[in-house]
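Colleague: One structure, pasted below without further comment.
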Amino acid sequence: MPEDAPSSRSHRVAEDSASRQAGDDGLSGAREASFLRGQQRVLEATATGVALPLVLEQIVRLIESQSDDMLCSILLVDRAKRVLRHGAAPRLPAAFSQAIDGVPIGPGQGSCGSAAFSGEVVEVEDIATHPFWVDYRGQALPHGLRACWSSPIMAPTGDVLGTFAMYYREPRLPNEVERHWVQAATHLAGIAIVADRSREVEAALHQSEAELRAVFDHAAIGIALVSSEGRFLRVNRALCHMLDYEAHEFRQLTVAALTHPEDLQQDLALASDVMAGTRESYQVDKRFLKKDGSIVWGRFTGSLVRGAEHVDGLQSRLRHPLEGLLGIGMIEDISAQKRLEAQVLRSQRLDGLARLAGGLAHDFNNLLTTIEGSVRLALDELEGDNSPNSMNDPVTPQPTRSALHDIHRATARASDLVRRLLAFSPDSEPQRTTRQIAPIASEVARLLGVKLPANVVVREELEKAPIWVRADATQLHQAVMNLATNAFQAMPEGGVLTLRLVLAEPAPSEAKSSGPWAVLSVSDSGVGIDPAHCEQVFEPFFTTQPPGQGVGLGLAIVQAIAAAHEGFVRLQSEVGRGSTFELWLPVVSAPEVTVVPSPVRVQPQPGATGVGPGRDEHILFVDDETIIVRLAKRELERAGFRATTFDDPEAAVAAFKRAPDTFDAIVTDASMPKLSGFDVAREVRLQRPLIPIIVISGGLWNRDSHDIERLGIGELLLKPHALQELAPTLRRLLDGLAPST
């Protein structure tokens, strides 16, 4: 038999089949009608969303039904890996289908790989001899596959979507009828694949839209879509919650309408830059107005989407080309951050004031000491009485004496102001002990009942069970009095002032420790505080009182005292209904014995006379202020002491070292250049370990406590009254000493 006999025979069979079909119009018409109905069923399956693998298998079976000797397959393009993947091949041997799953797209890669690469039909008459099948004939021939004709499945865009292949078990080429079948198959497969991918894209788009909508609606920060005119088109829940508007209410509003007037110009300028294309986006911290008119600080980030007329059905809302610019605004609520920044800034201002107060205290108290001492000496001389108590003489003052008394009273007020300023200093030393807080509140209430006019009613609502805190009684008393004074001033027409003491749990963000805290509150039924001033009332020197009726230190001192006691102050106020200031202090579980640093003292000798005038004892006095040195010398000598005085601490130490046994006591200023008062005390202790030492100072500081105890300082006297207290203090210390050291 000739070598090409099988091919010729199959051609004849196909031609005879075609002739029979052409010769028998009735039969041909019936087959064609059946074929058309099959195509219609494929199209219906595609249109109704039947899964792609089932549609592709339906196409293959439709073509295979046209001839018993024909086997068909559909392979799909995997663009990412540039290979062909199995689509449908219901009658091909499974092993062969598996072998060609993943065939590369390229020249010489069998019929299908080559057709997908070239985009043209590849007809291989004999797999055993064709060069395209060199690498694949080992998989095809064992299954009796000899001919393969592959046609690319094309998309309307010209992209190759896959291949449709016909296999025969003898070498041969297709006839026109078979080519017609292949053309129909690739057309149907192309429609099915494009439709399936369109559905995938649409599903992915819907999924993406759903995800974006979920992100938009459920984001923790406010998000808004805004027209080029600044009108809200869509807002999310967070923004509604932030500004207290319903979503539909935003559609009647603009960004400008919700922006604080003081921030509007800057915001408009930045938005204009974005609209003009000079910047892509901008970010600004600005104030937004809530529905009730209150302020919310927001960090606003604005950007632009050009061509927004195609976004989310907004075409009907955009009326001219410029409105095709859609703004996206994201607003993060930073009110808490701004409050924290304000607290830090206020703390920094308080710290600056504290440092200023501490730095000025020494110099200012030196001046007050000079004034107070000079006035007191002048009054004593005018009254002809050298006793330290002559200031209390009830003699009717003459004009000069009256003026001196006025100066003395003004000095006392200035001294009190310095003391109040020193309450700000973190270095000031509160004398804290464990005590009940209720007696302090009751004492303040008693004083208020005497001091306040009859149209102010004072009420006490104090917890009956003992509440213990570690506190400086004097400072705590001052804090409560300041709050009460503030409450009284808020009720010019009279009202109710309530002192309340309870136990409560603070918010975790406010307290450093958990558990119950003591809350001592002072409430008034007065005018209330403007919300704009609530953040300022604790600032030093801020006051709403008329000039001459307050310097604005009362509440600042309260906050400083609270901080020094590891506590805090909380304010609640409503205009027209009054205010409540709460002083929160940590509670201690039980009374504790608190050891306060005390001077080293020697027990008094039997028969000591106690406080009295000097007995010619020799006192070494040192202060860097020459005027104070002169006043001290006069005070000491008037009291009966001998005084050797210096305005240079180094000279004083040198004089003491030359004759240490000639001095009976040492008095030194705490803060001096070259050597501090504690440096002087250290040098003195090397020569005379038990000699009485008095330190005078403009304030008591934390840093001094250790030196006071370690050096055995007998007493620390605070200016400006130190000179007035000096003689009796010396007498007490000298009478308490053992015999000569």
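Colleague: Does R630 satisfy being out of contact with any helix residue (DSSP H, G or I) (no Cβ under 6 Å at 6 or more places or on another chain), among the charged types (D, E, K, R) and on the phi < 0 side of the Ramachandran plot?
Modeller: Judged against the criteria, R630 is a match.
Colleague: Just the residues that are among the aliphatic types (A, V, I, L, M) and modelled with pLDDT of 90 or more, please, taken from segment 504-522. I'd like the intermediate steps shown before the answer.
Modeller: So the first thing to find is which residues in segment 504-522 are among the aliphatic types (A, V, I, L, M), and the list is 504, 507, 511, 518-520, 522.
Matches in segment 504-522: A518, V519, L520, V522.
Colleague: Is one or more of the residues making up segment 461-478 outside any loop (DSSP other than H, G, I, E, B), free of Cβ contacts under 8 Å to residues at least 60 places away in the same chain, among the charged types (D, E, K, R) and surrounded by 14 or more Cβ atoms within 10 Å (Cβ to Cβ)?
Modeller: Checking segment 461-478: not a single residue is outside any loop (DSSP other than H, G, I, E, B), free of Cβ contacts under 8 Å to residues at least 60 places away in the same chain, among the charged types (D, E, K, R) and surrounded by 14 or more Cβ atoms within 10 Å (Cβ to Cβ).
Colleague: Can you tell me which residue is modelled with the lowest pLDDT among those in segment 346-368 that are under 24 Å from the mean Cα position of the chain (by Cα), of a type outside the set (D, E) and surrounded by 12 or more Cβ atoms within 10 Å (Cβ to Cβ)? Working first, answer last.
Modeller: First, the residues of segment 346-368 that are under 24 Å from the mean Cα position of the chain (by Cα): 346-351.
Remaining after also requiring of a type outside the set (D, E): 346-350.
When the remaining residues are screened for being surrounded by 12 or more Cβ atoms within 10 Å (Cβ to Cβ), the result is 346-347, 349-350.
Working: R346: 70, S347: 70, R349: 69, L350: 65.
It comes out as L350.
Colleague: Assess whether Q572 counts as being within 39 Å of the chain's Cα centre (by Cα), surrounded by 12 or more Cβ atoms within 10 Å (Cβ to Cβ), at pLDDT 85 or above and over 30 Å from V667 (Cα atoms).
Modeller: yes
Colleague: Just to check your reading of the model, which residue among E211, E246, E229 is surrounded by fewer than 18 Cβ atoms within 10 Å (Cβ to Cβ), within 30 Å of the chain's Cα centre (by Cα), charged (D, E, K, R) and in the same structural domain as L304 (by TED's automatic domain parsing)? Can you show your working first?
Modeller: Values: E211 fails: in the same structural domain as L304 (by TED's automatic domain parsing); E229 fails: within 30 Å of the chain's Cα centre (by Cα).
Within the list E211, E246, E229, the selection yields E246.
Colleague: Only residues in segment 57-86 that are among the hydroxyl-bearing types (S, T, Y) count as the first member; pair them with residues that are buried (at least 17 other Cβ atoms within 10 Å of the Cβ) and in a loop (DSSP other than H, G, I, E, B), Cβ under 8 angstrom, at least 6 apart or cross-chain, and list the lot.
Modeller: Cβ pairs passing all conditions: S73/A89; S73/L92.
Colleague: Please specify each residue of segment 416-446 satisfying the condition of being surrounded by fewer than 18 Cβ atoms within 10 Å (Cβ to Cβ) and either part of a strand (DSSP E or B) or at pLDDT 80 or above (or both).
Modeller: Matches in segment 416-446: T433, T434, Q436, P439, S442, E443, R446.
Colleague: Something else: Against the definition (more than 27 Å from the chain's Cα centre (by Cα), on the phi > 0 side of the Ramachandran plot and either surrounded by 13 or more Cβ atoms within 10 Å (Cβ to Cβ) or not assigned by TED's automatic domain parsing to the domain that holds A51 (or both)), how does G293 come out, yes or no? Before you say what the answer is, go through the steps one by one.
Modeller: Numbers: more than 27 Å from the chain's Cα centre (by Cα): no; on the phi > 0 side of the Ramachandran plot: yes; either surrounded by 13 or more Cβ atoms within 10 Å (Cβ to Cβ) or not assigned by TED's automatic domain parsing to the domain that holds A51 (or both): yes.
No: the conditions fail for G293.
Colleague: Looking at I74, I153, I127, I63, can you tell me which residue is crowded, with 20+ Cβ neighbours inside 10 Å and either assigned to a loop (DSSP other than H, G, I, E, B) or among the basic types (K, R) (or both)?
Modeller: I127
Colleague: Could you tell me whether L730 is touching a strand residue (DSSP E or B) at 6+ places or on another chain (Cβ under 7 Å) and at pLDDT 90 or above?
Modeller: yes
Colleague: Now a separate question. Please work out if E57 is part of a helix (DSSP H, G or I), charged (D, E, K, R) and at pLDDT below 90.
Modeller: So E57 does not fit the description; no.
Colleague: Continuing with the same structure: Being touching a Ser or Thr at 6+ places or on another chain (Cβ under 9 Å) and among the acidic types (D, E) is the filter here; which residues of segment 630-667 pass it?
Modeller: D647, D661
Colleague: Between a first residue in segment 102-116 that is assigned to a loop (DSSP other than H, G, I, E, B) and a second residue that is among the polar types (S, T, N, Q), which pairs have beta carbons less than 7 Å apart while being 6 or more apart in sequence or on different chains?
Modeller: P107/S114; G108/S114
Colleague: Additional query: Which residues, taken from segment 681-696, are outside any loop (DSSP other than H, G, I, E, B), over 50 Å from the mean Cα position of the chain (by Cα) and closer than 19 Å to L730 by Cβ?
Modeller: Correct list: V684, R685, I693, I694.
Colleague: Another question, if that's okay. Within the group A115, A99, A95, A30, which residue is out of contact with any Ser or Thr (no Cβ under 9 Å at 6 or more places or on another chain), closer than 19 Å to H180 by Cβ and either at pLDDT 90 or above or among the aliphatic types (A, V, I, L, M) (or both)?
Modeller: Going through A115, A99, A95, A30 in turn, just one is out of contact with any Ser or Thr (no Cβ under 9 Å at 6 or more places or on another chain), closer than 19 Å to H180 by Cβ and either at pLDDT 90 or above or among the aliphatic types (A, V, I, L, M) (or both): A30.
Colleague: Name the pairs: first residue in segment 717-741 and outside the structural domain of A412 (by TED's automatic domain parsing) and more than 26 Å from E625 (Cα to Cα), second residue at pLDDT 80 or above and among the basic types (K, R), Cβ to Cβ under 7 Å, at least 6 apart or on different chains?
Modeller: Pairs found: T741/R688.
The values are calculated or read from the model by the stated rules, or taken from the named source; none is laboratory data. Note that this is a predicted model, so its numbers are computed, not measured. In this analysis, Cβ positions are derived from the backbone assuming ideal geometry, glycine residues included, and neighbour counts consider all displayed protein chains.
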